[in-house]
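Visitor: Sharing a structure with you now.
What follows is calculated from the coordinates using simple rules that are stated; it is not laboratory data. As the structure is a computational prediction, the values presented were derived from the model and not from experiment. Don't worry about glycine lacking a Cβ; one is built from the backbone with ideal geometry, like all the others, and counts go over all protein chains shown.
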Amino acid sequence: MTATITAFVSSPDRGRGLARDMRVRWALEEVGQPYNVRLLSFKAMKEPAHLALHPFGAIPTYEEGDLALFESGAIVFHIAERHAGLLPHDANARARAITWIFAAINSVEPPIWDLSLTRIIEGNESWSKQRLPLVEERLRKRLGELSTRLGDADWLDGGFSAGDLMMVAVLLRAKPSGILNEFPKLSAYVARGEARPAYQRAFAAQLAVFTASSANG
Ligand code: GTB
């Protein structure tokens, strides 16, 4: 059964692939599964029909037959479990790849998200300028630790896995700040992820949505 995901009808990132539907599209492309996309306005995301799918009124969601999921991490994990290509067969290697999915969402995404909030959402607050260096240092510390672990390897633990997919998707959010560039090994890691054909297909698909929404005003 073809899954249906949700995405912004007009993404605030202007098609740069930073909204969280991108990681779900990428996972589906990696495992070769076709998918439908239901596009939502911010208003529609807060209406009962969508809130029944997503308690927090956000994207992405994932529907497949009787199954409805929310949370991009859970969705990518589900796709990786159901289809070959994103998790190793060896039980221990599989557990480590799953650990990297959690690490991306729980340990790396929060300081990146905090930086976006401080710069964009809280940017006009009187205390924002004072807080920014603390938030940036916290992110640098976490990226330094990740970079040390990655070392000169191509991927975090052997071959490319759902853990790398999630980590690259998360790190992409740190790119616009310029801080990712301070970590050449991580920049190269992200570039390797972006170069994957499945990533390219997913990126083109979400960009086409933004381009169409701009053309329609
Ligand atoms: N933890 C959830 C998950 O991983 O699925 C978080 C879901 C979430 O916050 N989704 C965002 C959303 O729907 C879209 S991705 N927000 C609308 C709302 O909550 O009302 C977050 C996002 C937004 C904008 C940019 N951007 O402009 O660059 C990037 C990422």
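Visitor: If we keep just the residues of segment 1-48 that are of a type in the set (Phe, Trp, Tyr) and within 15 Å of the ligand (Cβ to nearest atom), which is farthest from His83 (Cα to Cα)?
Guide: Pass one, segment 1-48, residues of a type in the set (Phe, Trp, Tyr): 8, 26, 35, 42.
Those still in the list that are within 15 Å of the ligand (Cβ to nearest atom) too: 8, 26, 42.
Working: Phe8: 26, Trp26: 13, Phe42: 31 Å.
Per the criteria, the residue is Phe42.
Visitor: A follow-up question, please. Write out, first by first residue and then by second, each pair whose Cβ atoms fall under 6 Å of each other, whose residues are 6+ apart or on separate chains, and whose first residue, in segment 109-130, is at negative phi while the second is outside any helix (DSSP H, G or I) and surrounded by 14 or more Cβ atoms within 10 Å (Cβ to Cβ).
Guide: Listed by first residue and then by second, the contacts come to Leu115/Ser177; Ser128/Glu122.
Visitor: Here's another thing I want to ask about it. What are the residues in segment 17-48 that are of a type outside the set (A, V, I, L, M) and surrounded by 17 or more Cβ atoms within 10 Å (Cβ to Cβ), if any? Step through it out loud before you land on a result.
Guide: Start the filter on segment 17-48 by keeping residues that are of a type outside the set (A, V, I, L, M), which leaves 17, 20-21, 23, 25-26, 29-30, 32-36, 38, 41-43, 46-48.
Of everything in segment 17-48, those that are of a type outside the set (A, V, I, L, M) and surrounded by 17 or more Cβ atoms within 10 Å (Cβ to Cβ) turn out to be Gly17, Arg20, Asp21, Arg23, Arg25, Trp26, Glu29, Glu30, Tyr35.
Visitor: Looking at this structure, is Leu53 assigned to a strand (DSSP E or B) and not polar (S, T, N, Q)? Full working, then the answer.
Guide: On the way: assigned to a strand (DSSP E or B): no; not polar (S, T, N, Q): yes.
No: the conditions fail for Leu53.
Visitor: Starting from segment 46-63, keep only residues that are β-branched (Val, Ile, Thr), then list their pairs with residues that are near the ligand (Cβ under 8 Å from one of its atoms) and not in a loop (DSSP other than H, G, I, E, B) whose Cβ atoms are within a distance under 7 Å, requiring at least 6 positions of separation or different chains.
Guide: Pairs found: Ile59/Phe8; Ile59/Asp21; Ile59/Met45; Thr61/Phe70.
Visitor: Something else: Only one of (1) buried (at least 19 other Cβ atoms within 10 Å of the Cβ); (2) within 25 Å of Leu86 (Cα to Cα) is not met by Leu139, so which one is it?
Guide: Going through the list (1) buried (at least 19 other Cβ atoms within 10 Å of the Cβ); (2) within 25 Å of Leu86 (Cα to Cα), Leu139 breaks only (2).
Visitor: Let me ask something else about it. How many residues, within segment 49-94, are of a type in the set (A, V, I, L, M, F, W, C), crowded, with 16+ Cβ neighbours inside 10 Å and within 11 Å of the ligand (Cβ to nearest atom)? Reasoning before the result, please.
Guide: To start, the set of residues in segment 49-94 that are of a type in the set (A, V, I, L, M, F, W, C) comprises 49, 51-53, 56, 58-59, 67-70, 74-77, 79-80, 84, 86-87, 91, 93.
Restricting the remaining residues to those that are crowded, with 16+ Cβ neighbours inside 10 Å gives 53, 58-59, 69-70, 75-77, 79-80, 86-87.
After this cut, where a residue has to be within 11 Å of the ligand (Cβ to nearest atom) as well, the list is 58-59, 69-70, 75-76.
Residues in segment 49-94 being of a type in the set (A, V, I, L, M, F, W, C), crowded, with 16+ Cβ neighbours inside 10 Å and within 11 Å of the ligand (Cβ to nearest atom): 6 in total.
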